[in-house]
1. Considering only region 57-79, I want to know if a residue exists there that is closer than 27 Å to R44 by Cβ, assigned to a helix (DSSP H, G or I), among the small types (G, A, S) and touching a strand residue (DSSP E or B) at 6+ places or on another chain (Cβ under 7 Å).
2. Among the residues of region 113-129, is there at least one that is among the hydroxyl-bearing types (S, T, Y) and either under 23 Å from the mean Cα position of the chain (by Cα) or assigned to a helix (DSSP H, G or I) (or both)?
3. Can you tell me which residue within region 79-108, out of those that are polar (S, T, N, Q) and surrounded by 14 or more Cβ atoms within 10 Å (Cβ to Cβ), is farthest from I120 (Cα to Cα)?
4. List the residue pairs whose Cβ atoms are under 9 Å apart, where the first residue sits in region 68-95 and is at positive phi, the second is among the polar types (S, T, N, Q), and the two are 6 or more positions apart or on different chains.
5. It is to be established whether one or more residues within region 96-104 are out of contact with any helix residue (DSSP H, G or I) (no Cβ under 7 Å at 6 or more places or on another chain) and aromatic (F, W, Y).
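What follows is calculated from the coordinates using simple rules that are stated; it is not laboratory data. This is a predicted model, so every value here is computed, not measured. Because the Cβ atoms are built from the backbone with ideal geometry, glycine has one as well, and the counts that use them run over all protein chains shown.
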Amino acid sequence: MATRKKRTKAKRTTTRKTKSKTAKTVKRTKTDKPTMTDQLREARKRYTVSKSSKGTASAHNGDDVATLLAGSSPEDVCAVAEKLAGFAAGELATKYGHLNPGQVRMTSGNRIRAMVRKEIVTVDDVAAILAAL
């Protein structure tokens, strides 16, 4: 009867050591581009504290659109974005149906912010539609 040769642990650990020796660690210097963590840390210093639609603590960047939409529900922000962009009622809600409520609100708010930045609508237009809801 033939016997099978067993793998030994020493062989496995040798393979792992070989792989780890080839891995390179990259150290950043001060001249490199800042990491995403560094960028977010700096941005959070400028955030404005607010309340969400459910009454929990929230924060936003403090621009006119964010201040206006603070405390609005994801459904309201999505409805405002639909009206401003000329979509049918519920079209964006269907498009964003796979996202969680925070992502729906963020994406809709970013859509509104882009329209204001491109001067397609004004902050007063956003406020009028939000008040009409």
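1. Yes, region 57-79 contains at least one residue that is closer than 27 Å to R44 by Cβ, assigned to a helix (DSSP H, G or I), among the small types (G, A, S) and touching a strand residue (DSSP E or B) at 6+ places or on another chain (Cβ under 7 Å).
2. Checked against the condition, which is being among the hydroxyl-bearing types (S, T, Y) and either under 23 Å from the mean Cα position of the chain (by Cα) or assigned to a helix (DSSP H, G or I) (or both), region 113-129 yields no hits at all.
3. Among those that are polar (S, T, N, Q) and surrounded by 14 or more Cβ atoms within 10 Å (Cβ to Cβ), it is T107.
4. As it stands, the answer is G71/S50; G71/S52; G71/S53; G71/S58, since those pairs meet every condition given.
5. Scanning region 96-104, I find no residue that is out of contact with any helix residue (DSSP H, G or I) (no Cβ under 7 Å at 6 or more places or on another chain) and aromatic (F, W, Y), so the answer is no.
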